[in-house]
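The values are calculated or read from the model by the stated rules, or taken from the named source; none is laboratory data. Only a predicted model underlies this, so the values are computations on that prediction, with no experimental measurement involved. Cβ: placed from backbone, ideal geometry, glycine included. Neighbour counts: every protein chain shown.
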Amino acid sequence: MKALRMLAWSLRLDCRLLFSVRGLPILAKLALILRKYCHYLIARSTGPAQRCTTVFGATFCCEDALGLASLQRVYCDSYRLKEYLPARPVVIDVGANIGQFAFFARQYLEAARVVSVEPLPESNRMLLRNAPEPGDCLCCAVSDREGSVVFHVAQETTQLSSYVPEPDDVYSASHTVAARTLDAIAAELGVGEVDLLKIDTEGSEYDVLRSGRELLGRCRFVLVEMSVFRNCSGNLFSIGAFLKEQGFELVALSPCGQEHPRDLDGLFKRV
């Protein structure tokens with residue numbers, strides 16, 4: 001049953017990529033879909049290994065069998081951002097994993113700069129492989145205080161890893177990782193005005209926001225995953241109220257790709 005659900009999910013992504021995502025050549029879309037299934041079959045039969053392929057004219061590398069599917073999902077879930085953002089936006093990606101959203105931001109949004117933050121060392125190594133500017137990639141967690149946190153590595157996919165564990169998820173390991181505040185990271189990297197702050201940290205998004213009050217004053221849009229039915233540092237109501245206090249309003253809301261989602265993606269605009 002799980003395999004059938006995965007296949008149905010993948011086929012829905014294919015339809016969305018082909019018929020909803022605008023501005024990409026149809027042959028390039030078909031090439032990504034074909035490579036996604038080939039990559040999955042090879043990875044399942046031979047085991048994890050770094051594999052690189054060309055996606056929409058640029059190189060993308062991944063180890064996970066679902067690596068290309070996760071990149072495709074970002075395009076399907078986020079292409080409408082182009083309607084809101086200015087040309088050549090500056091983007092901060094908190095919870096970058098191996099760089100799926102950063103790749104999308106550079107290639108589709110044509111971002112002038114992408115700062116990526118990812119706490120898991122093995123994911124960060126692949127993130128560096130995918131990033132043209134390694135100096136804008138940091139290996140740390142983002143929390144409401146400087147120090148360290150225990151980060152739990154999800155067995156199914158590293159994308160579900162978090163320092164706010166979910167009882168129903170299975171974790172293969174735990175690591176103590178450095179924790180920084182968002183304001184400290186922005187100051188260290190000399191980040192000025194930000195067009196889009198994207199946060200997807202599997203339950204700790206509220207902590208991330210509270211750590212960046214100064215940066216939020218320079219942000220135009222915030223795209224944040226908000227917890228509904230899962231352990232979290234603050235659910236969608238807490239996040240919505242906090243961002244309203246900081247001068248933002250909700251302009252778009254969408255479920256995170258599941259029939260019964262435990263998270264919602266919210267896009268907030270400074271007013």
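Worth pointing out:
- Residue-level check: of (1) part of a helix (DSSP H, G or I); (2) closer than 24 Å to Leu196 by Cα; (3) β-branched (Val, Ile, Thr), Ile42 misses just (2).
- Hits in the range 131-141 - residues which are outside any loop (DSSP other than H, G, I, E, B), crowded, with 19+ Cβ neighbours inside 10 Å and at pLDDT below 95: Ala141
So that you can scan it fast, the table gives a plain yes or no per residue for (1) closer than 20 Å to Val115 by Cα; (2) of a type outside the set (Phe, Trp, Tyr); (3) touching a Ser or Thr at 6+ places or on another chain (Cβ under 6 Å); (4) at pLDDT below 95:
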{"residue": "Ala43", "(1), (2), (3), (4)": "no, yes, no, yes"}
{"residue": "Val55", "(1), (2), (3), (4)": "no, yes, no, no"}
{"residue": "Phe60", "(1), (2), (3), (4)": "yes, no, no, no"}
{"residue": "Ala65", "(1), (2), (3), (4)": "no, yes, no, yes"}
{"residue": "Cys76", "(1), (2), (3), (4)": "no, yes, no, no"}
{"residue": "Leu85", "(1), (2), (3), (4)": "yes, yes, no, no"}
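- Inspection of the range 72-94 finds a residue satisfying the criterion of being among the small types (Gly, Ala, Ser), surrounded by 22 or more Cβ atoms within 10 Å (Cβ to Cβ) and either more than 21 Å from Asp263 (Cα to Cα) or within 18 Å of the chain's Cα centre (by Cα) (or both).
- Filter result (part of a helix (DSSP H, G or I) and either surrounded by 11 or more Cβ atoms within 10 Å (Cβ to Cβ) or charged (D, E, K, R) (or both)) within the range 16-33: Arg16, Leu17, Leu18, Ala28, Lys29, Leu30, Ala31, Leu32, Ile33
- Hey, Pro48 at pLDDT below 95 and surrounded by fewer than 23 Cβ atoms within 10 Å (Cβ to Cβ) or not: yes
- Being under 15 Å from Phe248 (Cα atoms), surrounded by fewer than 18 Cβ atoms within 10 Å (Cβ to Cβ), over 18 Å from the mean Cα position of the chain (by Cα) and modelled with pLDDT of 95 or more is a condition met by no residue of the range 175-192.
- Residue that is farthest from Asp183 (Cα to Cα), among those in the range 104-114 that are buried (at least 24 other Cβ atoms within 10 Å of the Cβ) and in contact with a helix residue (DSSP H, G or I) (Cβ under 8 Å, 6 or more places away or on another chain): Phe104
- Taken as a whole, the condition of being in contact with a strand residue (DSSP E or B) (Cβ under 7 Å, 6 or more places away or on another chain), within 24 Å of Leu223 (Cβ to Cβ) and surrounded by fewer than 21 Cβ atoms within 10 Å (Cβ to Cβ) applies to Leu128.
- Residue, surrounded by the most Cβ atoms within 10 Å (Cβ to Cβ), within the range 211-241, restricted to residues that are touching a Leu at 6+ places or on another chain (Cβ under 9 Å), at pLDDT 95 or above and among the charged types (D, E, K, R): Arg220
- Residues satisfying the stated conditions in the range 18-54, i.e. touching a residue at least 12 places away in the same chain (Cβ under 8 Å), among the small types (Gly, Ala, Ser) and closer than 19 Å to Ile98 by Cα: Ala43, Ala49
- Check on Arg80, among the charged types (D, E, K, R) and more than 24 Å from Cys139 (Cα to Cα): yes
- The range 142-160, subset touching a Phe, Trp or Tyr at 6+ places or on another chain (Cβ under 7 Å) and surrounded by 15 or more Cβ atoms within 10 Å (Cβ to Cβ), residue modelled with the lowest pLDDT: Ala154
- Residue match in the range 80-103 (condition: without any contact (Cβ under 8 Å) to a residue 40 or more places away in the chain, part of a helix (DSSP H, G or I) and more than 23 Å from Cys15 (Cβ to Cβ)): yes
- The numbered conditions (1) surrounded by fewer than 22 Cβ atoms within 10 Å (Cβ to Cβ); (2) at pLDDT below 90 are all true for Tyr163 except (1).
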